[in-house]
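Below: one structure, written as structure tokens.
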Ligand SMILES: Nc1nc2c(ncn2[C@@H]2O[C@H](COP(=O)(O)OP(=O)(O)OP(=O)(O)O)[C@@H](O)[C@H]2O)c(=O)[nH]1
Ligand SMILES: [Mg+2]
């Protein structure tokens, strides 16, 4: 989608994901499991007003394997910035201006939906039906965007009468306002690059990629829960059902113990890994690698970036003085038994400045400054 592409050009180094939702749905529990932190969780209807801020490691089994082969002294994972926001105002009350401004700063919005029953944990107005909560949250976000666009529409329409160069932007804003007025999130409609550009400084919430985390009971059917929510959210959004309780317990284990536990429960890498990886995909980012005895590391760059731009993530000198890069897919390196083995087998190729980095590339940059 055009809007997304435009946003990403202005994306900072690390993507920011905001966890939001009604009170007592498990936002902070999920935040803790993702960030490996210990923010305060409590079963009460009155929530704190300050967001928790943390960093989530992007789980990456390929990086783990490569680091073992290289006998790397250090393994550095890609990260996401996480914000655990205070509970959204009760449905119908609208959302607070301060709350909304925090959401606007995010690159993707992850709604937490409560689907577990627990008498000890009071339910907010959203109850324990994740479908209703998803619908309510979408209404709130769409309404918040509508208010901003509606105001801008009137202003820019007046400006366009004296300054015809503003006419295309005025038309784009008017079209978006009409879509929002229907109750449709902006990402559910098609926009051209120039239309999306006209929206950009309004930072619409409903154009941001959406992730929906259904917090289910430990023994609930994850697939059914996810499908019910998928049916009411915009196409292309990511829906993951998980038990925050299980993920919280898992976060306290070593990575081997955790892998064993998920294996036993049939949960693969764990639902949180899915959430973080989905966030990467949905933000149009990719991971590339540098591997070696000193350090094996995952780096993040936008999809479509050429090799010098990717090299610049490692160090600005590497971008300025970029000559060429040795390139090989990390899977190939793992199969060959490491970088040196891959090189001996002639599996590593040389690429120049025009080369567009692919997901999973490992790079060794040649540069001179
Ligand atoms: N039974 C059960 N309890 C949970 C689950 N997830 C969270 N809780 C409990 O629900 C209470 C609220 O969890 P939090 O993670 O603080 O919820 P929150 O959405 O951050 O709440 P506020 O920030 O207050 O809006 C805590 O007592 C948690 O232990 C779950 O999956 N199952
Ligand atoms: Mg909380």
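The values are calculated or read from the model by the stated rules, or taken from the named source; none is laboratory data. Predicted model, so just to flag it, every value in this text is computed and none were measured. Positions of Cβ are generated from backbone atoms using ideal geometry, with glycine treated the same way; all protein chains shown enter the neighbour counts.
Condition check: within 20 Å of residue 20 (Cα to Cα), touching a helix residue (DSSP H, G or I) at 6+ places or on another chain (Cβ under 7 Å) and assigned to a helix (DSSP H, G or I). Does residue 136 satisfy that?
Values: within 20 Å of residue 20 (Cα to Cα): yes; touching a helix residue (DSSP H, G or I) at 6+ places or on another chain (Cβ under 7 Å): no; assigned to a helix (DSSP H, G or I): yes.
Here the answer is no, as residue 136 does not meet what is asked.
Condition test on residue 250, is it over 23 Å from residue 15 (Cβ atoms), touching a residue at least 24 places away in the same chain (Cβ under 8 Å) and in a helix (DSSP H, G or I)? Talk me through it step by step, then tell me what you get.
On the way: over 23 Å from residue 15 (Cβ atoms): yes; touching a residue at least 24 places away in the same chain (Cβ under 8 Å): yes; in a helix (DSSP H, G or I): yes.
It is true that residue 250 is over 23 Å from residue 15 (Cβ atoms), touching a residue at least 24 places away in the same chain (Cβ under 8 Å) and in a helix (DSSP H, G or I).
Looking at 291, 229, 327 in this structure, which one is touching a strand residue (DSSP E or B) at 6+ places or on another chain (Cβ under 8 Å), surrounded by 17 or more Cβ atoms within 10 Å (Cβ to Cβ) and within 30 Å of residue 111 (Cβ to Cβ)? It would help to see each step written out before you state the result.
Numbers: 291 fails: within 30 Å of residue 111 (Cβ to Cβ); 327 fails: within 30 Å of residue 111 (Cβ to Cβ).
Result of the check over 291, 229, 327: 229.
Pick from 123, 142, 128, 161: which is buried (at least 17 other Cβ atoms within 10 Å of the Cβ) and free of Cβ contacts under 8 Å to residues at least 24 places away in the same chain?
Details: 123 fails: free of Cβ contacts under 8 Å to residues at least 24 places away in the same chain; 142 fails: free of Cβ contacts under 8 Å to residues at least 24 places away in the same chain; 161 fails: buried (at least 17 other Cβ atoms within 10 Å of the Cβ).
Within the list 123, 142, 128, 161, the selection yields 128.
Which one of these is within 24 Å of residue 245 (Cα to Cα) and under 20 Å from the mean Cα position of the chain (by Cα): 205, 141, 186, 137? Before you say what the answer is, go through the steps one by one.
Working: 205 fails: within 24 Å of residue 245 (Cα to Cα); 141 fails: within 24 Å of residue 245 (Cα to Cα); 186 fails: within 24 Å of residue 245 (Cα to Cα).
From the options 205, 141, 186, 137, the qualifying one is 137.
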Note to self: Testing residue 200 on (1) under 22 Å from the mean Cα position of the chain (by Cα); (2) surrounded by fewer than 23 Cβ atoms within 10 Å (Cβ to Cβ); (3) closer than 19 Å to residue 273 by Cα, one condition comes back false. Which one is that?
What the structure shows: (3)
Notebook entry, point to check: Just for the range 45-70: of the residues that are at pLDDT below 75 and near ligand 2 (Cβ under 10 Å from one of its atoms), which one is nearest to residue 118 (Cα to Cα)?
Noted result: 47
Notebook entry, point to check: Is it true that some residue in the range 308-320 is modelled with pLDDT of 90 or more, surrounded by fewer than 21 Cβ atoms within 10 Å (Cβ to Cβ), over 30 Å from residue 237 (Cβ atoms) and touching a strand residue (DSSP E or B) at 6+ places or on another chain (Cβ under 7 Å)?
Noted result: yes
Next item on the list: State all residues of the range 76-99 that are more than 13 Å from ligand 1 (Cβ to nearest atom), within 22 Å of residue 16 (Cα to Cα) and either at pLDDT 65 or above or surrounded by fewer than 17 Cβ atoms within 10 Å (Cβ to Cβ) (or both); if no residue qualifies, say none.
Entry: 76, 77, 78, 79, 80, 81, 96, 97, 98
Notebook entry, point to check: Which of the residues belonging to the range 208-238 are more than 16 Å from ligand 1 (Cβ to nearest atom), modelled with pLDDT under 95 and closer than 23 Å to residue 103 by Cα?
Noted result: 208, 209, 210, 235, 236, 237, 238
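Can you pull out every residue in the range 226-249 that is over 21 Å from the mean Cα position of the chain (by Cα) and more than 16 Å from ligand 2 (Cβ to nearest atom)?
Restricting attention to the range 226-249, the residues satisfying the condition of being over 21 Å from the mean Cα position of the chain (by Cα) are 228, 245-246, 249.
Answer for the range 226-249, where residues must be over 21 Å from the mean Cα position of the chain (by Cα) and more than 16 Å from ligand 2 (Cβ to nearest atom): 228, 246, 249.
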